[in-house]
1. Is there any pair with a first residue in segment 386-405 that is among the charged types (D, E, K, R) and a second that is outside any strand (DSSP E or B) whose Cβ atoms are under 9 Å apart and which are 6 or more apart or on different chains, and what are they?
2. Limited to segment 37-69, what total is found for residues that are assigned to a helix (DSSP H, G or I) and surrounded by fewer than 20 Cβ atoms within 10 Å (Cβ to Cβ)?
3. Across segment 415-432, which residue is surrounded by the fewest Cβ atoms within 10 Å (Cβ to Cβ) among those that are under 26 Å from Ala294 (Cα atoms) and under 23 Å from the mean Cα position of the chain (by Cα)?
4. Looking at Gly446, Gly440, Gly435, Gly405, which is the one that is at positive phi and either aromatic (Phe, Trp, Tyr) or surrounded by 12 or more Cβ atoms within 10 Å (Cβ to Cβ) (or both)?
5. Any idea how many residues of segment 424-442 are touching a Pro at 6+ places or on another chain (Cβ under 9 Å) and free of Cβ contacts under 8 Å to residues at least 12 places away in the same chain?
6. Which numbered condition in (1) in a loop (DSSP other than H, G, I, E, B); (2) surrounded by fewer than 16 Cβ atoms within 10 Å (Cβ to Cβ) is the only one that Pro34 fails?
7. Quick check, is Leu379 buried (at least 16 other Cβ atoms within 10 Å of the Cβ), in contact with a Leu (Cβ under 7 Å, 6 or more places away or on another chain), at pLDDT 95 or above and within 30 Å of His235 (Cα to Cα)?
8. Any chance you could count how many residues in segment 292-325 are of a type in the set (Asp, Glu), crowded, with 16+ Cβ neighbours inside 10 Å and farther than 18 Å from Gly229 by Cβ?
Amino acid sequence: MRADLLTDAVDGLDEALAAVDGFDEVLVAGLLRPQPAQAEGLFALADAVAGSPLASRVAEAAEKAAAGAAGEDHFIALAAARTALLGSVHDALTVRVEEAVGRPRAEEGADGAGSPGDGDEHAANLHVAAREWLCNLARAGWKGIDHELVTGAAPVVSAMLPDPALRRPATLLDGFAAELAASCPGATLERVPVRRWADLWSRALLLTVPGAAPAPATAEVSGRLLPLGIDLQEHATAVQAQVHAVFEPADGGVPRLVRASVSAPKPDTVVGAGLWQLLRPRMSLLAAVSEGRAMELDAMPVTAEGDLIWDDARARTGEPAEIFTTARVALPTAAAFATAPLDRHPARIAVPVLVEGYAVEEEEEEDGAVAFRIAGQRLSVDAGRIPAAGPLTPEAVASSGACIGLLRWDAGEFLLQPLAVERKAGRKTVAVHAGAWAGGTTDKAGVRAEKAATDAVEVLRERAGKLLRK
């Protein structure tokens, strides 16, 4: 990997992000009575897309918003401009990563056809209601939110959730409203998550536009799946495991980078290795990763973005497949799928890579934090993403000689999230995986955590049973 390319400046990136930041600051105070400083942020956003097909619409939207007269179409145009700028940042960074790792370019995929519920009058009305709420948020600004405004999303979400076609925007609105409610009143906020709330606002607004989120195009694939590692993402009430892997088509086609995800609701008392108990019954792939085996897929659905729609009935456990062998042999030639337009965002970058031959540097500012020195270039390690649900630790990373990880971009630099490392144990080289306990474990720490989680779940089930009987 050419680590020097990851540290070199990307032309136009700083300017694009500055325009996004300027608009995001506009949303802090809101657009009910915009001030001159907010007008500057609006016009800077319009200038940034002046050479694009959005130019005239965004220019008009910026003028109307600066005058405090923006309507629904104007807010949509501003959200689209912001999303387009972040999409350009995503694309530029993705090209830089491809150059650094020397991997085949991502192929453009189909965008799909039609948006779920576009022709449904009930769905259309719900989209209108959602847009109205989001436009009112923009007028009030994050400093102007209160419980009355935020709870206006509740009836819209309740009406959307029963419809599977509307569940994506419904879930986003629900989570966004919950974050805002926890921060009310906005006038008392000492710190506003400016970028995050602007991300959620613009994405939610565009998801309500007919045709903006087409039905995902899918195909069926058969062949061998070679896991690389598991990215475990945990929330107080939900958990998701995303398996990154190389797929080798049975017809001998180009190997592809794919993902397979499984999620489950969780009580906040289930943490650590206990999380696997919630996920294991939903996906046989987790056991295969834990055991170091490949899987044979037969007509498994896959989206145009490379996400396998997992069905245990279409998969069987295959031969042993050590992940570092996969990373050294199969990963360099695997091509990525294209990213859907609305998903092009720097935060979505998560590229599997193998790094070797590095020196480990300990960070002086943070205890336990490390960075890799590769061919004289420094690459920070995002140890904060290492889950507690496995044997991989920052200490194991600090004593490693090879690492499989996800290359991400955050706060202006590339970071490496470790999924597995190789390290010396006596005279032997052993691999330590973040997802090693996914299929079960005999590790003492893992067994204790699983038992604690089992006890917590049993108590919750007993209490739920008593409440239902009452």
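The values are calculated or read from the model by the stated rules, or taken from the named source; none is laboratory data. Keep in mind it's a predicted model, so treat the numbers as computed, not measured. In this analysis, Cβ positions are derived from the backbone assuming ideal geometry, glycine residues included, and neighbour counts consider all displayed protein chains.
1. Between residues of segment 386-405 that are among the charged types (D, E, K, R) and residues that are outside any strand (DSSP E or B), the close pairs are Glu395/Gly368.
2. Narrowing segment 37-69 to residues assigned to a helix (DSSP H, G or I): 37-48, 55-66.
Those left that are additionally surrounded by fewer than 20 Cβ atoms within 10 Å (Cβ to Cβ): 37, 39-40, 43-44, 47, 55-57, 59-60, 63-64.
Residues in segment 37-69 being assigned to a helix (DSSP H, G or I) and surrounded by fewer than 20 Cβ atoms within 10 Å (Cβ to Cβ): 13 in total.
3. Gln417
4. On the way: Gly446 fails: at positive phi; Gly435 fails: at positive phi; Gly405 fails: at positive phi.
None of the others qualify; the one that does is Gly440.
5. Looking only at segment 424-442, we keep the residues that are touching a Pro at 6+ places or on another chain (Cβ under 9 Å), and these are 432-437, 441.
Narrowing further to those that are free of Cβ contacts under 8 Å to residues at least 12 places away in the same chain: none.
Of the residues in segment 424-442, 0 are touching a Pro at 6+ places or on another chain (Cβ under 9 Å) and free of Cβ contacts under 8 Å to residues at least 12 places away in the same chain.
6. The one condition Pro34 does not meet is (2).
7. Working: buried (at least 16 other Cβ atoms within 10 Å of the Cβ): yes; in contact with a Leu (Cβ under 7 Å, 6 or more places away or on another chain): yes; at pLDDT 95 or above: no; within 30 Å of His235 (Cα to Cα): yes.
No.
8. Initial filter on segment 292-325 (of a type in the set (Asp, Glu)): 296, 298, 305, 307, 311-312, 319, 322.
Subset that is crowded, with 16+ Cβ neighbours inside 10 Å: 296, 305, 307.
Cutting the leftovers down to farther than 18 Å from Gly229 by Cβ gives us 296, 305.
So the answer is 2.
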